[in-house]
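The values are calculated or read from the model by the stated rules, or taken from the named source; none is laboratory data. Being a predicted model, the structure only gives us computed values, none of them experimental. All Cβ positions, even for glycine, are placed from backbone atoms using ideal geometry, and neighbour counts span all protein chains on display.
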Amino acid sequence: MSILKGECPPTAGLPLLLGDLAGRGGDFAQRLAGFLEVPAVGIACSGTASLIIILETLRRRSKRTTVVVPAYTCPLVVFAIARCGLQLRVCDVRPLSFELDPEALAKICDERTLAVVPTHLGGRVADLAPVIAIARRCGAYVIEDAAQALGARDGGKSLGLAGDAGFFSLAAGKGLSLFEGGVWVAADAGLRAELSDTARDIVPRGLLMEARRCLELLGYALAYRPQGLPFVYGHALRRALRENDPVAAAGDCFSPEIPFHRVSAWRQAVGSSALARLPAFQQRLARRAAERLPRLAALPGVKVLSDPPGRRGTWPVFMVLLASEAMRDRVLGVLWGAGLGVARMFACALPDYEYLRPWVGECHVPNAREFAARSLTITNSPWLDDAHFEEILGVLARFCR
Ligand SMILES: *Cc1c(COP(=O)(O)O)cnc(C)c1O
């Protein structure tokens, strides 16, 4: 296998320019609202913190106590729910999908359900109509986890507006990044006002943590390039793979201590400056996806998730499903750790993380387990050139016949 000069990131994040660090980007919240074409957004210190603010707000409105999440999603969602003192309910997904299974959801929802949290994963847009219908029927709110889909549109509108509220992540590698950051949106002006009130009430200044984030953002700006990525990503990945630790390799080791603090004007201004380049960057990613997706989909035994008509996702990665776990593992045996941006989204279904045991009970989620076992991701980073993409296609063709 030819060696790339450096390393591709597992998802296509927008690289920062040194000029962004001058912090002259203008009002971040206002510009983000403009980019998303929504009346207003709230900025938080992470996607998880945004979810905490939303849950805390809904909790003030209602006596209900449980929150339903898909069984294949980010473990941080579990910690956000726990931190709000709410009870987690895990729901299986549709076959070969990350989307909540309507039949399973209808069985789980009841008069205790405060909210349902469908996920839009890897830039793909989930079909919310059945989820919203079921939630409405039982009187629950819908919170869209669009952490990985900033800028995606459904019927021409930003994600987060079809449900009651939604959030995006600005963590490293998730499109636009402040190293860590989050954004919340809500269609209803009354709820937006309550979300702002909650944030004002419960988010401490947290200067020390914010100072650390400022340094980390500097480091991210310097290291997020092929020559830097081995040091901040690749070496640790390969160590985790040598130690046979897929949870660490997938970057899924999280702590229940969620940092909670305000985002400084400087970091917001950096984000604002980078945001000016995001529309053109996302268009380029979409064009390359339109070229590469058919190549992947044409391979026998390979299925790639894409958008049905009306939904326009973003393209940080390709989410690929192979015919069996054994094939997927053979492919990853060659490519995960090869520096080409081939990886796993989440290592397993929520009930299969050892460290989530205190929060996630044993549950029957065969579809989520199958999705975890048969899926892999391929970066859509501009740094993955055609020659290396052909190598990935070659490995898939060799192992998937
Ligand atoms: C990353 C992620 C989150 C959490 O966002 P952070 O900004 O990392 O706190 C939540 N849900 C999904 C699906 C994610 O990928």
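Data for the structure
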item: Residue within the stretch 316-333 that is in a strand (DSSP E or B), among the charged types (D, E, K, R) and in contact with an Asp or Glu (Cβ under 9 Å, 6 or more places away or on another chain) present; result: no
item: The listed residue being assigned to a loop (DSSP other than H, G, I, E, B) and more than 19 Å from the chain's Cα centre (by Cα), out of 103, 111, 56; result: 111
item: Residue count, the stretch 157-178 (criterion: in a loop (DSSP other than H, G, I, E, B) and either outside the structural domain of residue 141 (by TED's automatic domain parsing) or more than 10 Å from the ligand (Cβ to nearest atom) (or both)); result: 8
item: Among residues of the stretch 124-156, those that are more than 14 Å from residue 310 (Cβ to Cβ) and within 13 Å of the ligand (Cβ to nearest atom), counted; result: 8
item: Flag for residue 60 being basic (Lys, Arg), closer than 30 Å to residue 225 by Cα and assigned by TED's automatic domain parsing to the domain that holds residue 107; result: no
item: All positions within the stretch 179-206 that are free of Cβ contacts under 8 Å to residues at least 12 places away in the same chain and either part of a loop (DSSP other than H, G, I, E, B) or of a type in the set (A, V, I, L, M) (or both); result: 193
item: Filtered residues of the stretch 179-194 (kept if within 11 Å of the ligand (Cβ to nearest atom) and either small (Gly, Ala, Ser) or modelled with pLDDT under 95 (or both)); result: 181, 182
item: The stretch 28-50, residues that are within 17 Å of residue 214 (Cα to Cα) and away from the ligand (no atom under 14 Å from the Cβ); result: 28
item: Residues of the stretch 61-92 that turn out to be in a strand (DSSP E or B) and not hydrophobic (A, V, I, L, M, F, W, C), as a count; result: 4
